[in-house]
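Novice: Sharing a structure with you now.
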Amino acid sequence: MRAVRITRHGGPEVLEVTEVPVPVPRTGEALVRVAAVALNNTDLWTREGAYGRPGDPEARSGWRGPVAFPRIQGADVAGRVEAVGPGGDAGLVGRRVVVDPALYDGDGPDAHPVGLMGSERDGGYAEFVVAPLERLHNVTGSPLTDDQLASLPTAYGTALGMIERGRVREGETVLVTGASGGVGLAAVQIARARGARVVAVSSGPKTDAVRQAGAHAVVDRAGDVVAGLRAAAPEGVDVALDVVAGGLVSDGVPLLREGGRWVIAGALGGYQVTLDVRRLYLHNAQVIGSAMHTPAHFDLLMDMARRAAVTPVVAAYPLEQAARAQEELARREHVGKIVLHPGAPAVA
């Protein structure tokens, strides 16, 4: 089969288009023919080795440790079951599925993700991928396209995980940073669907797209962001859904209302943060780390997919243009998600 993999850390040039054997599903696994695979910042940072390690933030590392090369990238897969391993249910063959890409630290509904398809095991930048049967979600009846379904796992899963861990409630004011990216746009859509008032931060040219996704107000990140947020949310913010971090955390935490929650799932603005902790304990505020989703969160997301409760904005490239697609993602000039097509164009 055709696949795109990395054999070392580096820039887009380390992505190689190659032919590799079709993987064989073992007991408890299925072989999925990939219809669409979405790109994420995790692809860029795994390729670059940018995650660091505990005690050594500059170490080259994948999502949760050293990458075993060669590695086929790609966490987010939508496709159809091609075959099942020994003893598996043959009735699954032909079903349209989305793969939960997380590797969990346990079997329960609230297990934490400790690994990721495309980093800790081979992913979907290929015509076929093997996945555990328990991580396949049947979406055969969903009106979403394969491109849209593939856009959900990491970006929408991460956004939903942030919203669940941040306990977003109807009527609350929610701040979303990086709102035009995959996770940010997902957070805008899901928070709006929950009945929250959404204040987003994005670049000026993308303001209309973020508003169309559901934001009630959009602050241009090129200006005075804190002043803009104070004007858009004069009563303060109940929950911040933040993928930027950096200086925005120290500047933004004082905007939280009593009992507010600042949820962080990314560090596009930098991972070093200086924080006045008095703004936390004097106001019963919380800073919450959120890595992707739990199995329970992913079940909720797949229910939304079956109902088409969210509609991802997608641009597509052929598999052979994976490097170009990653460069486009890194430029952050697009809105929404980017997917690759390993085979024929995706259909509903």
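For (1) among the charged types (D, E, K, R); (2) farther than 23 Å from residue 290 by Cβ; (3) more than 20 Å from the chain's Cα centre (by Cα), each residue gets a yes or a no:
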{"position": "87", "(1), (2), (3)": "no, yes, yes"}
{"position": "104", "(1), (2), (3)": "no, no, no"}
{"position": "107", "(1), (2), (3)": "yes, no, yes"}
{"position": "118", "(1), (2), (3)": "no, no, no"}
{"position": "123", "(1), (2), (3)": "no, no, no"}
{"position": "127", "(1), (2), (3)": "yes, yes, yes"}
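Novice: In region 53-64, which residue that is outside any strand (DSSP E or B) and touching a strand residue (DSSP E or B) at 6+ places or on another chain (Cβ under 6 Å) is surrounded by the most Cβ atoms within 10 Å (Cβ to Cβ)?
Specialist: Only one residue fits best here, namely 63.
Novice: So which pairs qualify, if the first residue must be in region 15-38 and surrounded by 14 or more Cβ atoms within 10 Å (Cβ to Cβ) and assigned to a strand (DSSP E or B), the second must be hydrophobic (A, V, I, L, M, F, W, C) and at pLDDT below 95, the Cβ gap must be under 6 Å, and the two must be at least 6 apart or on different chains?
Specialist: 35/346; 36/346
Novice: Another question, if that's okay. Is it fair to say residue 279 is in contact with a helix residue (DSSP H, G or I) (Cβ under 9 Å, 6 or more places away or on another chain), in a helix (DSSP H, G or I) and among the charged types (D, E, K, R)?
Specialist: Yes; evaluated as a whole, the condition is true for this residue.
Novice: Let me ask another. Is it the case, given these coordinates, that residue 221 is out of contact with any helix residue (DSSP H, G or I) (no Cβ under 6 Å at 6 or more places or on another chain), at pLDDT below 95, charged (D, E, K, R) and crowded, with 18+ Cβ neighbours inside 10 Å?
Specialist: Yes, satisfied.
Novice: A further question on this structure: Which condition number does residue 45 fail, the rest of (1) modelled with pLDDT under 95; (2) open to solvent by 60 Å² or more (accessible area, probe 1.4 Å); (3) in a loop (DSSP other than H, G, I, E, B) being met?
Specialist: Condition (3) is where residue 45 drops out.
Novice: For region 263-277, which residues satisfy the criterion of being within 22 Å of the chain's Cα centre (by Cα) and surrounded by 12 or more Cβ atoms within 10 Å (Cβ to Cβ)?
Specialist: 263, 264, 265, 266, 267, 268, 269, 270, 271
Novice: Checking the structure you have, find out if any residue of region 76-87 is assigned to a strand (DSSP E or B), open to solvent by less than 60 Å² (accessible area, probe 1.4 Å), touching a residue at least 60 places away in the same chain (Cβ under 8 Å) and closer than 24 Å to residue 267 by Cα.
Specialist: Within region 76-87, one or more residues are assigned to a strand (DSSP E or B), open to solvent by less than 60 Å² (accessible area, probe 1.4 Å), touching a residue at least 60 places away in the same chain (Cβ under 8 Å) and closer than 24 Å to residue 267 by Cα.
Novice: Is it true that residue 142 is assigned to a loop (DSSP other than H, G, I, E, B), at negative phi and crowded, with 24+ Cβ neighbours inside 10 Å?
Specialist: For residue 142, the condition - assigned to a loop (DSSP other than H, G, I, E, B), at negative phi and crowded, with 24+ Cβ neighbours inside 10 Å - is not met.
Novice: Please tell me if residue 108 is over 30 Å from residue 178 (Cα atoms), outside any loop (DSSP other than H, G, I, E, B) and out of contact with any strand residue (DSSP E or B) (no Cβ under 6 Å at 6 or more places or on another chain).
Specialist: no
Novice: State whether the residues of region 34-55 include one that is charged (D, E, K, R) and more than 21 Å from the chain's Cα centre (by Cα).
Specialist: No, that holds for no residue.
Residues are listed down the side, and each one gets a yes or a no for (1) closer than 25 Å to residue 43 by Cα; (2) open to solvent by less than 10 Å² (accessible area, probe 1.4 Å); (3) at pLDDT 95 or above:
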residue	(1), (2), (3)
118	yes, yes, yes
123	yes, yes, yes
129	yes, yes, yes
133	yes, no, yes
164	yes, no, yes
170	no, no, yes
182	yes, no, no
188	yes, yes, yes
196	no, yes, yes
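Novice: Sort out for me the strands (runs of 3 or more DSSP E) sitting completely within region 283-348 that have 2 or more residues that are open to solvent by 30 Å² or more (accessible area, probe 1.4 Å) and either under 23 Å from residue 32 (Cα atoms) or of a type in the set (Asp, Glu) (or both).
Specialist: Because the criterion is at least 2 residues that are open to solvent by 30 Å² or more (accessible area, probe 1.4 Å) and either under 23 Å from residue 32 (Cα atoms) or of a type in the set (Asp, Glu) (or both), the strands (runs of 3 or more DSSP E) in region 283-348 that meet it are 314-318.
Novice: While we're looking at this one, here's another question. Scan region 88-105 for residues that are outside any strand (DSSP E or B), of a type outside the set (Asp, Glu) and in contact with a Leu (Cβ under 9 Å, 6 or more places away or on another chain) and jot them down.
Specialist: Hits for region 88-105 are 88, 92, 95, 101.
Novice: Another question, then. Spot the failing condition for residue 67; the list is (1) crowded, with 22+ Cβ neighbours inside 10 Å; (2) part of a strand (DSSP E or B), and only one is missed.
Specialist: (2)
The values are calculated or read from the model by the stated rules, or taken from the named source; none is laboratory data. These figures come from a predicted structure and were not determined experimentally. So basically every Cβ, Gly included, is an ideal-geometry build from the backbone, and we count neighbours across all protein chains shown. Heavy atoms of the whole protein, side chains included, go into the accessibility calculation; ligands, DNA and RNA do not. Shrake-Rupley method; radii C 1.70, N 1.55, O 1.52, S 1.80 Å.
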